[in-house]
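S.K.: Here you go, one structure.
What follows draws every value from the coordinates through simple rules; no lab data is involved. Note that the structure is predicted; figures quoted are calculated from it, not measured. Cβ coordinates were reconstructed from backbone atoms using ideal geometry, including for glycine residues, and neighbour counts include every protein chain displayed.
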Amino acid sequence: MANEKVRVRYAPSPTGYLHIGGARSALFNYLYAKKFGGDFVFRIEDTDVERNIEGAEESQLHDLIWLGIIPDESTEHPNPKYGKYRQMEKLDIYREYAEKLVEMGYAYYCYCTTEELAEMKEEQLRNGVKSFKYDRRCLTLTPEEIEKYKAEGRVPSIRLKMPANHTLKFHDLVRGDVSFNSDDIGDFVIMKSNGIPTYNFAVVIDDHLMEITHVLRGEEHLSNTPKQLQIYEYFGWEPPKFGHMTIIVNPNGKKLSKRDLNILQFMSQYRDLGYVPEAIFNFLFLLGYTDQNGQEIFTKEEACKSFDPARLSTSPAMFDQKKLLWVNSTYIKKMDNETYFNFIDPFIGKVDFLKNLPLDRKNEISLMFKNEINYGAQIVDLLNDIIVKKDELDDAEKEILAKESAPKVCALFKEKLALLNETNKENISNIFYEIKNETGLKGKDIYMPIRIKLTGVMHGIEMYNIIDILGKEETLKRL
Ligand code: GLU
């Protein structure tokens, strides 16, 4: 395999939209391909028919493209050399290969019904067996028994015949040498009686026929790998190199689950909230990888250059929302103004106050937030905080206004502001400077009471920008 072209793939089941774990797998496969001049393939594992969701395939693909993880081959741009890119369109191929295994004596028909299997499992449990293994009763059926089953209308599945006490080992790109014993696995179904292959079988056929050389996937697939290796061995095919990436954990150290409602999981949610695709790409990269020099902000090209499979994290990756906000705000700050205006436009459109303003003025106001927001939709809240003054103050805010100096500061500010012809940055700064000199107060004691009077909150953009947005008249009224 020394000179072969690297071919990797991302093979989601269309049972949901692109989420963090899937996007991370896709990203590292993509980087692997790009690093080594190879191809990144997007194909679909849709054999779990009942769980498939309408539109999931398209959104998986388009969300990847949004992230800049652009497949060289996909369901939309297949390479005819590699056949179909959806499993349900190639059932005949799986059947053909499964029957080959039967002919070679490596697989056999199983006529057991669901009820019989359930009974078998129950009995094993009663006898203290910890993990269920098929008892091979169909391995030695006589021709008469087979005829009898057929006459009953039973349709068989096909099971792989695992060899006894066989070591299945491989060198994992992330965890090093891993080995399993075939005795712990049992004869598993490769083709169900409905003619649909199981994941472990179909994935091997696909990876082989598509000449996949490397597979980076989630740790949850580690125990599937020996089953797949056994199939490769029976066919005499060389398996790809496998790497199993660590789990992603939430800040409590628990495996990130789709039920973690306080962490957004789907790429589409991030897109809708105004996250920058390059920032998400960057953040996902940090979820599996530590740069040698501790660099944290990477363009796609830099990530590709820095990426070294030997440095894939071996400890769980923590999903740090604060870091994501930081990475995203870094990308917003880096935008040139034209890019920023386009980026922020859909959010600005949600603020009534701005709707009838001329474009120049809208842009001027948008720019006031460029260094303040972590994601696009935040501008809506920040602007509304200013425009719709909060009436109910909380204790901390009340405490500031209750200070002895507060009324004086506000009165002084109001008086001086009223005299201004122009409420620009310089003039406003001068007023604060004068108040400081006249009262001997400093910093927060001057700014906070005014900020709270104006907006009802203690945070926000620069005060001169708030005054600019409100206008002199409204500012004086609020004071
Ligand atoms: N469809 C599988 C999944 O989404 C792919 C597993 C694999 O990469 O082999 O988990």
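S.K.: Using 0.36 nm per residue, how much length does the chain from R86 to E473 gain when fully extended, once their Cα-Cα distance is taken away? Don't jump to the answer; show the numbers that get you there.
M.R.: Details: separation 387, 0.36 × 387 = 139.32 nm, distance 6.40 nm.
Extra length available between R86 and E473 comes to 132.9 nm.
S.K.: While we're here: Give, rounded to the nearest 20 debye, the magnitude of the charge dipole that the range 347-402 has about its Cα centre when Lys and Arg contribute +1 at Cβ and Asp and Glu contribute -1 at Cβ.
M.R.: On the way: 8 positive and 12 negative charges, 95 e Å.
Using Cβ point charges on Lys, Arg, Asp and Glu, the range 347-402 gives about 460 debye.
S.K.: Please work out the FRET efficiency for the pair N427 and E211, using the Cβ-Cβ distance as r and a Förster radius of 60 Å; give the result to the nearest 0.05.
M.R.: Values: r = 70 Å, r/R0 = 1.16.
According to the calculation, E is roughly 0.30.
S.K.: How large is the charge dipole for the range 140-223, taken about the Cα centre, if only the Cβ atoms of Lys, Arg (+1) and Asp, Glu (-1) carry charge, to the nearest 20 debye? Numbers along the way, then the final one.
M.R.: On the way: 9 positive and 14 negative charges, 39 e Å.
Dipole about the Cα centre, nearest 20: 180 debye.
S.K.: Here's something else I'd like to know. Hey, what's the Kirkwood Rh for the chain if you take every pair of different alpha carbons, in angstrom?
M.R.: Numbers: mean 1/r = 0.0369 Å⁻¹.
For the chain, the Kirkwood estimate is 27.1 Å.
S.K.: Got a sec? Charge dipole of the range 28-105, +1 on Cβ for Lys and Arg, -1 for Asp and Glu; which of L31, I70, V41 is way out at the positive end?
M.R.: Value: L31.
S.K.: Report the equivalent ellipsoid semi-axes for the range 334-396 in whole Å, largest first, defined as the square roots of five times the eigenvalues of the gyration tensor built from alpha carbon atoms.
M.R.: Working: eigenvalues 104, 41, 16 Å².
Whole-Å semi-axes of the equivalent ellipsoid: 23, 14, 9.
S.K.: Mind putting together the pair-distance distribution for the range 108-159? All Cα pairs, 10 Å bins, whole percent per bin, short to long.
M.R.: 24, 49, 23, 4
S.K.: Given 37 °C and 0.692 mPa s, how large is the Stokes-Einstein diffusion coefficient of the range 27-180 in µm²/s, with Rh as the Kirkwood radius over Cα pairs?
M.R.: Approximately 165 µm²/s, per Stokes-Einstein.
S.K.: Expressed in nm², what is the orientationally averaged projection area of the convex hull enclosing the Cα positions of the range 2-66?
M.R.: 4.8
S.K.: Pop a pseudo-label 7 angstrom from the Cα along the beta-carbon direction at both I65 and E415 and give the gap in nm to one decimal.
M.R.: Using points 7 Å along Cα→Cβ, the separation is 6.5 nm.
S.K.: When the chain is fully extended, how far beyond the present Cα-Cα distance does L261 get from E116, taking 0.36 nm per residue of separation? Before the final figure, lay out the partial values.
M.R.: Working: separation 145, 0.36 × 145 = 52.20 nm, distance 3.99 nm.
The span from L261 to E116 would gain 48.2 nm if fully extended.
S.K.: Follow-up. Round to the nearest 0.05 the FRET efficiency obtained for K350 and D394 when R0 = 35 Å and r is the Cβ-Cβ distance. Intermediate values should be presented prior to the final figure.
M.R.: Values: r = 26 Å, r/R0 = 0.74.
Computed FRET efficiency for K350 and D394: 0.85.
S.K.: When we measure straight from the Cα of K121, which aspartates and glutamates land under 18 angstrom away, once same-chain ones fewer than 8 places off are left out?
M.R.: Hits, sequence-local ones excluded: D135, D183, D184, D187.
S.K.: Let me ask something else about it. So for the pair E54, L273, with labels modelled 7 Å out along Cα→Cβ, what separation do we get in nm?
M.R.: Between E54 and L273, the simple spin-label model gives 2.8 nm.
S.K.: Find which of Q228, N356, I431 sits farthest along the positive direction of the dipole of the chain, computed with +1 on the beta-carbon of Lys and Arg, -1 on that of Asp and Glu, about the Cα centre.
M.R.: I431
S.K.: Could you size up the charge dipole of the chain around its Cα centre, putting +1 on the beta carbon of Lys and Arg and -1 on that of Asp and Glu, and report it in debye to the nearest 20?
M.R.: Values: 64 positive and 75 negative charges, 174 e Å.
Roughly 840 debye for the chain.
S.K.: Using the count of nearby Cβ atoms within 10 Å as a rough guide to exposure, how do I466, I263 rank from fewest to most?
M.R.: Details: I466 20, I263 16.
Fewest-to-most ranking of I466, I263: I263, I466.
S.K.: Translational D (Stokes-Einstein, µm²/s) of the range 388-477 at 25 °C and 0.890 mPa s when Rh comes from the Kirkwood sum over C-alpha pairs?
M.R.: Values: Rh = 13.2 Å.
Taking Rh from Cα pairs, D becomes 186 µm²/s.
S.K.: Find the cysteines in the chain that fail to meet the 4.7 Å Cβ criterion with every other cysteine, and list them.
M.R.: C112, C304, C410 - these cysteines have no disulfide-compatible partner (Cβ-Cβ under 4.7 Å) in the chain.
S.K.: Taking the Cα centre of the range 369-479 as the origin and placing charges on Cβ (Lys, Arg +1; Asp, Glu -1), which of L417, N465, I450 is farthest toward the positive end of the dipole?
M.R.: L417
S.K.: Going down the table (K333/K453; K81/K241; K84/K161; K34/K370; K390/K416; K130/K227), which pairs top 31 Å between alpha carbons?
M.R.: On the way: K333/K453 29 Å; K81/K241 22 Å; K84/K161 28 Å; K34/K370 33 Å; K390/K416 25 Å; K130/K227 19 Å.
Cα-Cα > 31 Å for K34/K370; rest within.
S.K.: Using the Karplus curve 6.51 cos²θ - 1.76 cosθ + 1.60 with θ = phi - 60°, work out ³J(HN,Hα) for each residue of the range 190-201 in order, rounded to whole Hz, and write x for Gly and Pro.
M.R.: 9, 10, 7, 5, 7, x, 9, x, 7, 3, 4, 7
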